[in-house]
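Colleague: I have a structure here, written as structure tokens, and I will follow up with some questions on it.
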Amino acid sequence: MSQGISFAGLGSGLDTDSIIKQLIAIERRPVTLIQRRQVELEQEKAAIGSINSSLLSLKDSVAKLESDDLFSIVNADSDDSGRVSVSASNEAAAGTFSVEVVELAQSRRLSSRSFGSISDSLGLSGDFTINGKGVELAADDSLLDIRDKINAADPGVSAQILTVASGDTRMILTADEVGADGFSIQDASSTNVLQGLGFTSSSTGIKNAFASGGRSGQFLASDQAVGTLLGLNSSPSGTITVGDEEVVIDLATDTLEGIRDKINAVAPTGVTATVSSSLEEGITRHRLEVEGTTNLIDDGGVLENLGVLASDGSLAEEIVTGAESDVFVSTSTAIGSLLGLANAPSATIQVGGVDVDIDLATDSLTNIQTKINDAAPPGVVATITSSSDDDGNTEFSLRIDGTGSFTDSGNVLESIGILVGSNNAFESVAQVLTANTALQENGTLVHATNDGAKTDELASGSDVVGGLITSTASGTVAIGDKTVAIDLANDSLNDIRDAINAAAPTGVTATVNATGPSTFELEISGTTSFTDDGNVLQDLGVVTAATTLDTDTRLSDILGAGVQVGDTISINGVNNAGDQVAGTFSIASGNVKVQSLLTSIEQTFGGDVEASIDAQGRINVKDLQGGASQLALTLTSNNEGGGSLDFGTQSLTTSGVDARSAELQAGQNSFFQINGITLSRSTNSVTDAVQGVTLNLLEAEEGQLVNISIDKDDTSALRGDIQSFVDEFNSVMDLIDEASAFDQDTQQGGPLTGDSTLISVQAELRSVVSKQIGGLSEGFDALVLVGVSFNRSGRLEIDEERLTTALDKNLEEVRKLFVAQGNTSEEGIEFVSTNSRTRDGNYAVEVIQAATKANVLGTVEFTGSLSTDQTLTLIDNVTGKPAVISLAAGSNLDDVISSINTQLASDVAEVRRGLTANTTNGTQAIDADTAFADIFGAGVQNGDTIRINTTDHEGNSSSTAFTIGDTATDTVGDLLTQIRSTLNGQVSVNVDAEGRISVTDNQVGNSDMTVTLIEENEGGGSLNFGSIEAETEGRFSLDITAANTDGKLELGHNGFGSRNGFSMEEDSAELGLVAGSFDGKNVEGTINGEAADGFGRILTGSLDAENVAGLSLRVNLVENEVAAEGQDAGSVDLIFGVARRLSDSLGSITDKFEGTLTNRGKAIDDTIEDLGDRVVDMERRIEQKRLNLVGRFASLEGTIANLQSQGNFLSGQLAGLSR
């Protein structure tokens, strides 16, 4: 606020402002001191922050030295890194070897057929799969749309568009990964979209043949020694493996028959050896066949020389007895959902000549297996096999053994990978020209007379014909050689008669005859030539409807053409090679037929084309030479007789295409040799040929060797890491010294001079680095002993010679000096890990209870088979998810175990099904083709809406509205499509056999998918699909296994501990099982007598334990071992090296919550804040004092002013008296 105008000292003559300022300045001296202290504290805080940052950098350097991997020193070198580059890990052994790259691995590439445009709709609709991922095409999709859909599906291939030339555009699919496996692409709907795109042909073959054995090469005799037949100077011999048995073979003496007998004598399980014979070109040839196993292991080149195995160890010629499907992650989820198909195919296929009905929208692998076995094709058995992928996940496939005869329909078998379309069987395509005009043949006379025709009988000759026969046809018809305009909406029979007679066709007379009391007809005499227009003559009953032109049609009978005898047709064109051709066809009589014209066209082209009439009455001309063609044709009707014959323009409808293969490049594995041994891999980055070595194959050239050397003596990188540690440590020491230094000359100290915290931190770090570590080998239990020590300035320095010697000659001892290690005295205990709260030392381990797995064992030996179908429901405690297992009547114990394990190992997709079944008549279930008007009792009206509320697999919500525009044409399938669209195509939706809506998640595993349909029924109807509830919960495989234990069924969880349990909901008297909950036990015990917590088999020191907090041990003991040997389980010896100890110290110093320097910084902040509060308080009091002084001086000035005024008054009075 304004202080107004001040005239200090006017009365007294004193400079009161100056006096007040000086007095206040004296009062503010404590404030200045405090503010100076605040600045000093900020400097201390900055110094601590700088030191803390340096300590964190030191901690990073120390962390490297904590790692065991750092001390495994490997250097890899290639003498031609442009051909083969190399890197190595710590597992590599020192040494040298040579590499020869024979062939590089390459990725598979396919090309579509040629398209004229990238943006025009292709008219292809349906589904196909790439590597098991579904891609849905719509009829209006262009080549660009299809490319984008493929790339969006991310199926392991990239789709690109290649423009070869103007009007020649193709789609190229390239595998993301190199290797012979390439990628699979299969039609998954009956519309054959891959054939339409030109990726596959109509030819199919078995995709995954199931081999049950192998054949040898062919030999001219079966009773002569194989070595002699091969002309070998030194025949190989060895002990080969066939199935589960070994066989000694010597090709110098053994014949094919002898080898056969030796194999059969040792009797490998399920294996039979035979010698087959065949007559080829008059010569009998013999071969050994081994069936029942593919486990054939060579020794000494015996099987390779026989021709049974190839050089890479694979079967040279397999004995194929069946096929396997692609692999799937679930046996119980519908195949259509696993493939993500919008409209999964359904058809009747044939397996071994027997029909089997398959619907991939609802059928799982298990369903298909059951259907095939129920159909019982002769000698055929369908089973489900399991395997593991590279990540250990279980995969399943359908194996059909006993036949190679498969007949597909609707691409059902191709969808599941039993069959696959060929990418190579593309024959040349012949060029085809088609006219753009469809011609018709005149209708025949209905009521023909000797010289004319009659109409139908009508009720009147004078009334309008249209009213009598309900027709409004009108047109200008030809009768004889004249045309007559007739309008049935206005003309009577009499009018038509008069119009014909007025036109006066040559020799023609029209009359109306009374054929009865009230019936009349029009008779036209003098001609049988009638050409209709606008269906006038057809409605009158004179002629039948015109028909499509065919080869037997007379040219004079072509509708509306008016062909006359003597007319000619000019034939001009270009043949396949581009040479011009020309000819003229003459119509010599009224009986000349279209076939004669076609023959003339063929003759004009020298017999190199085929001319025909298509179903629409158009002329087609096909080049008889397949492939690219210049064929062109022009037909010109000269119409000399005044007619209007016109065959239209001949346009290209099928381009001639040379024979081709869609496969531009086959996927190929790399082939290379290491020290002369041939290897093959599906990649050019080879990590598993030489332990710990990665070879990158970059260029192939047969015969060119690249020398690789692995050296484990180069410790330069490790020395660099130790040097970095020393540098970072000294940097910290420098900062601490700088912050705490005191200059004797200037008598000035650093911001942290004498700071006890800093002194303590420095002392602790130096102590950790210099301290001797117990438990290590003598001479290697302190850094100073390996060349890292303090100099006189308190800085670490390295004795290069000593450190290098230690690293080169005693690397393992140096490693122990830095890292943490835990050594246990007993095999039943394993050291796992520690944390920063664990202290080193030797600790006794006591195990009170060994960890166990949850299990239940049947009480009866099950030697027979199940008498009835049974259901077993197991619920996993970890996930809370159930597995519902169907056990079929007649199953023995092995069958029961297989069924249980297959279901437990299978991933499952969520299935939701409506609770209300709808029908069309009270009994017949609705299906996708049912119109809404046909849903029984629903009363659906045009304009009714259905609200679709959904959540997808991840729980994301969506909502759309489906409007029924026309109840007669809109179908339930349209609603299903909208549901799928609302869920972004991530589900399969269908109507089941009972008329209920079923929704299946296309992703397996735990799912948040929901679907709610709200039928608004605005038109007053009662449409209701019911609540769509979970029928099958989505889940991943459950970690529970069934086994045969002494003839009893045992169910057990594969994980240890109390959380890894399960429950069973049903009893099974036959299997000796009783419903209940079954839990494992956690390990119980102590470490160093201190409390420890058990989690499965892991025993961990409790958080409040004094020494062993965070120490984790794996206890591999079982209950009977603990019972037999007692609770004493030995001891664990923890030795913390320098890096580990320093890491712990640095962690406690720099912890951002409770670290030493963090707390020191917080204390400074608190002090600064307190001082700030004091300054504010003091400033308030000083200001109050200043105001008080101002008031007092102002009062003084007022008093003096009054006194002066009184004095002046008295002086004036006295002066007046004196006068």
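Nothing in this text is a laboratory measurement; each read-out follows from the coordinates by a stated rule. For clarity, every value in this text was computed on a predicted model and none was experimentally measured. Counting neighbours? That spans all protein chains shown, and the Cβs are built from the backbone with ideal geometry, glycine included.
Colleague: What are the extents of the Cα atoms of the stretch 870-1078 along their three principal axes, in Å, largest first?
Modeller: Principal extents (largest minus smallest coordinate, Cα): 68, 37, 23 Å.
Colleague: Follow-up. Could you work out the pair-distance distribution P(r) of the stretch 893-943 from its alpha-carbon pairs, with 10 angstrom bin width and percents rounded to whole numbers?
Modeller: 20, 28, 15, 19, 15, 3
Colleague: What are the extents of the Cα atoms of the stretch 109-203 along their three principal axes, listed from largest to smallest and rounded to whole Å?
Modeller: In descending order, the Cα extents are 33, 29, 28 Å.
Colleague: What number comes out for the charge environment of Phe520, summing +1 per Lys or Arg and -1 per Asp or Glu over other residues with Cβ under 12 Å away?
Modeller: Value of the local net charge: -3.
Colleague: What shape does the stretch 167-272 have by the C-alpha gyration tensor, where a ≥ b ≥ c are the square roots of the eigenvalues, rounded means a/c under 1.5, and otherwise prolate means a/b greater than b/c and oblate the rest?
Modeller: prolate
Colleague: Given the rule -39500 (n - 2.57) for each run of at least 4 DSSP H residues, summed and divided by the residues of the chain, what is its mean residue ellipticity at 222 nm, to the nearest 500 deg cm²/dmol? Can you show the working numbers first?
Modeller: Numbers: 23 runs with 305 residues, N = 1219.
It comes out at -8000 deg cm²/dmol, rounded to the nearest 500.
Colleague: Could you put Phe210, Phe1136, Phe790 in order, starting from the residue whose Cβ has the fewest other Cβ atoms within 10 Å?
Modeller: Going from least to most buried by this count: Phe790, Phe210, Phe1136.
Colleague: Taking neighbour counts of Cβ atoms within 10 Å as a proxy for exposure, in what order, fewest first, do Asp552, Asp539, Asp1151 appear?
Modeller: Asp552, Asp1151, Asp539
Colleague: Say the dipole of the chain comes from +1 at the beta carbon of Lys and Arg and -1 at that of Asp and Glu; which of Ala1092, Ala611, Gly973 then lies farthest toward its positive end?
Modeller: My answer, from the dipole projection, is Ala1092.
Colleague: Per 0.36 nm of contour for each residue apart, how much would the distance between Thr879 and Gln747 grow if the chain were fully extended, relative to their Cα-Cα spacing?
Modeller: Roughly 40.4 nm would be gained on extension.
Colleague: Extending each Cα 7 Å along its Cβ direction at Asp390 and Thr568, get the distance between those two points in nm, one decimal.
Modeller: Placing both labels 7 Å beyond Cα along the Cβ direction yields 7.5 nm.
Colleague: Let me ask you something else. For the Cα atoms of the chain, what angle does the longest principal axis make with the long axis of helix 143-153, in degrees from 0 to 90, nearest 10?
Modeller: 40 degrees
Colleague: Further question: Using only the Cα atoms, what convex hull volume per residue in Å³ does the stretch 443-545 have?
Modeller: So the per-residue hull volume is 77 Å³.
Colleague: How much of the pair distance distribution for the stretch 205-421 lies past 29 Å, counting alpha-carbon pairs only, in percent?
Modeller: So the pairs more than 29 Å apart make up 40 percent of the total in the stretch 205-421.
Colleague: Any chance you could give the angle, 0 to 90 degrees and rounded to 10, that helix 756-770 forms with the longest Cα principal axis of the chain?
Modeller: That works out to roughly 70 degrees.
Colleague: Could you calculate the FRET efficiency of Thr511 with Asp646 from 1/(1 + (r/R0)^6), where r is the beta carbon distance between them and R0 is 35 Å, rounded to 0.05? Before the final figure, lay out the partial values.
Modeller: Numbers: r = 35 Å, r/R0 = 1.01.
Efficiency, rounded to the nearest 0.05: 0.50.
Colleague: Below 8 Å, C-alpha to C-alpha, sequence gap of six or more: please give me the relative contact order for the stretch 443-545 in percent.
Modeller: Numbers: 238 pairs, mean separation 39.2, N = 103.
The normalised contact order for the stretch 443-545 reaches 38 percent.
Colleague: Let me ask another. Got a sec? How would Lys262, Lys853 order by Cβ neighbour count within 10 Å, fewest to most?
Modeller: Ascending Cβ contact count within 10 Å gives the list Lys262, Lys853.
Colleague: Between helix 893-905 and the chain, what is the angle of the helix's C-alpha long axis to the longest principal axis, kept within 0 to 90° and rounded to the nearest 10?
Modeller: Tilt relative to the chain: about 70 degrees.
Colleague: How high is the relative contact order of the chain, in percent, counting Cα pairs under 8 Å that sit 6 or more residues apart?
Modeller: On the way: 2779 pairs, mean separation 162.3, N = 1219.
Answer for the chain is 13 percent.
Colleague: Convert 10 °C to kelvin, take the viscosity as 1.306 mPa s, use the Kirkwood radius over C-alpha pairs of the chain as Rh, and evaluate the Stokes-Einstein diffusion coefficient in µm²/s, rounded to a whole number.
Modeller: Working: Rh = 42.4 Å.
In µm²/s, the coefficient is 37.
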